[in-house]
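J.: Sharing a structure here in structure tokens format.
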Amino acid sequence: MKKLKLTAITGACLGLLLVATGCAKNAAQAEEANNQVEVVENQKTSEDLNKEAAENKANEAKEKEAKGKEDKDKKGEEKSYEVTLTYPSSDYIVNGDEENKKVTEQATIKASKDDIVTKVLKQLAQSPKAEGAESVGLDKFDFSKSKLDGTTAIVDLSGDVAGGSLEEDVLARSIVNSLLSVDGIKAVEFTINGEKAESLMGHVDISEPFTKNL
């Protein structure tokens, strides 16, 4: 009797094991089938891949264009510069007073690094507001090609650049001192009609950049 019970129990266990093994095998087959279906569903055609590549390329081009525009805007960003404009004094022009050659005037000029030099020169070319100051005479020349090169202001005077020693002295002092007062400008260099020259009008040496006030 005990032997029959043991045999029955063993048989039942084997039956359960076979059932469990069968269920596990069926589950594995089902999972494999699902994976195959998912692979098939996710598989892309060459047309899809080409379309995706084109979209990625277009997006990269847009990002590059946006970054370039951002860099350009940043470079051309305007800010306010505090400038000390230098003009010749009436005492110097009229009376020849060597001890009182100049009059200064404070100005706030909004500009970018690209146009700060021309904007200072444009302001300097106008009639001064300071008492006892005379005009520089810069309005006689074209200075539109002037620019900032690093920390050096390149002042290009074009046209018939001629005049006497007094006019030359006033022009050089006013331009150099005014530009050197601008934050970021460490030197002022002159060119005449786009070319380097030995002197401004025959008297003031401009062969080297100016790094100090005159």
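J.: For region 105-127, indicate whether the set of residues that are more than 21 Å from Tyr81 (Cα to Cα) and modelled with pLDDT under 95 is non-empty.
T.: Within region 105-127, not a single residue is more than 21 Å from Tyr81 (Cα to Cα) and modelled with pLDDT under 95.
J.: Return the residue satisfying two criteria in turn: it lies in region 114-132 and is in a loop (DSSP other than H, G, I, E, B), free of Cβ contacts under 8 Å to residues at least 24 places away in the same chain and not hydroxyl-bearing (Ser, Thr, Tyr), and of such residues it is surrounded by the most Cβ atoms within 10 Å (Cβ to Cβ).
T.: Asp115
J.: Here's another thing I want to ask about it. What's the total number of residues in region 164-190 that are over 15 Å from Phe210 (Cα atoms) and surrounded by fewer than 18 Cβ atoms within 10 Å (Cβ to Cβ)?
T.: Counting residues in region 164-190 that are over 15 Å from Phe210 (Cα atoms) and surrounded by fewer than 18 Cβ atoms within 10 Å (Cβ to Cβ) gives 4.
The values are calculated or read from the model by the stated rules, or taken from the named source; none is laboratory data. Note that this is a predicted model, so its numbers are computed, not measured. All Cβ positions, even for glycine, are placed from backbone atoms using ideal geometry, and neighbour counts span all protein chains on display.
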